[in-house]
Amino acid sequence: MKIGILGTGNIGATLATKLSAAGHAVKVANSRGPDTIDVDILKNGARAVTAADAVTGVDVVIMSTPLRALPKIAPLVAVLPEDVIVIDTSNYYPARDTEISAIEAGMAESVWVANELGRPIAKAWNAITSASFAEKGVPAGSAGRIAIPVAADGERERDVAMALVEETGLDAFYSGTLAESWRQQPGSPCYCTDLTRDEMPAALESAERKRLPKRRDLAIEAIMERVGDSTTNPDSDYAVRLTRALFM
């Protein structure tokens with residue numbers, strides 16, 4: 001497939017390397033321009049382009065940016081043909097993204113994103129740490145393969161997102177509609193806890209919506225105390241131990 005990735009942070013960079021290694025034609029862009037993209041991201045054939053070029057002539061657009069970047073991305077997505085699949089990897093962190101009243105009032109993050117874009121989306125790759133994503137992908141059928149939830153309202157969005165997740169070394173687990181995607185938001189039992197496919201149903205079912213924000217914020221406080229700032233990611237083993245203790 002022809003895939004455009006917006007964002008070269010930890011998740012976006014891994015998506016670019018893994019999807020290009022899987023044989024897809026990948027274009028990747030960030031907010032600073034193609035000359036600023038690390039050459040290591042391009043090692044498997046991905047091309048560094050402008051944001052406008054990244055969403056031109058593609059089958060899939062993957063948005064891998066903080067939620068606060070959506071106002072800049074929305075105009076690019078607005079002109080996409082209807083048959084282009086849009087996949088969002090973002091999570092809402094109010095201290096970073098500023099408070100969004102609709103989400104604070106209980107709207108699922110994915111529903112808010114779809115409403116802002118004015119088109120269907122799928123939600124994937126949001127519920128895994130960047131370290132686990134980069135380091136722990138294994139071939140299908142491997143024992144202990146990590147599963148991640150994928151939410152979508154439409155069958156086509158669901159099927160494409162799940163197929164691409166599988167190609168990045170993870171088991172794709174359909175978690176339901178966008179309205180139910182709060183079950184994979186920060187603070188939920190399946191969020192960054194490195195569960196297997198067999199463990200995923202119980203984790204989704206046991207999510208308690210009202211408790212998610214507090215658990216999310218507790219995890220951020222613990223990580224900041226450990227690493228000293230709000231941008232450095234801890235190693236995957238520590239992060240998974242922490243999220244399992246707080247979220248499950």
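Here is how the numbers come out for the structure above:
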item	result
Scan of segment 136-173 for residues that are in a loop (DSSP other than H, G, I, E, B) and either open to solvent by 60 Å² or more (accessible area, probe 1.4 Å) or under 16 Å from Met200 (Cα atoms) (or both), ordered by number	Lys136, Pro139, Ala140, Gly141, Ala143, Gly144, Arg145, Asp153, Leu170
Residue satisfying all of: in segment 66-124; aromatic (Phe, Trp, Tyr) and in a loop (DSSP other than H, G, I, E, B); least open to solvent (accessible area, probe 1.4 Å) among these	Tyr92
Tally, over segment 15-41, of residues that are crowded, with 16+ Cβ neighbours inside 10 Å and of a type in the set (Lys, Arg)	2
Qualifying residue in segment 42-56 (condition: loosely packed, with under 14 Cβ neighbours inside 10 Å, free of Cβ contacts under 8 Å to residues at least 60 places away in the same chain and of a type outside the set (Ser, Thr, Tyr))	yes
Yes/no for Asp59 being closer than 20 Å to Arg156 by Cα, open to solvent by 10 Å² or more (accessible area, probe 1.4 Å) and among the charged types (D, E, K, R)	yes
Search result, residues across segment 26-45 that are under 19 Å from the mean Cα position of the chain (by Cα) and either of a type outside the set (Ser, Thr, Tyr) or not in a loop (DSSP other than H, G, I, E, B) (or both)	Val26, Lys27, Val28, Ala29, Asn30, Ile41
Enumerated helices (runs of 4 or more DSSP H) restricted to segment 196-248, each holding at least 1 residues that are open to solvent by less than 80 Å² (accessible area, probe 1.4 Å), in contact (Cβ under 8 Å) with a residue 60 or more places away in the chain and among the hydrophobic types (A, V, I, L, M, F, W, C)	212-227, 236-247
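The values are calculated or read from the model by the stated rules, or taken from the named source; none is laboratory data. Owing to the predicted nature of the structure, the values given are computational and were not obtained by experimental measurement. With ideal geometry, Cβ positions are generated from the backbone for all residues, glycine too; neighbour counts draw on all protein chains shown. Keep in mind that these areas ignore ligands, DNA and RNA; they rest on the heavy atoms of the full protein, side chains included. Shrake-Rupley method; radii C 1.70, N 1.55, O 1.52, S 1.80 Å.
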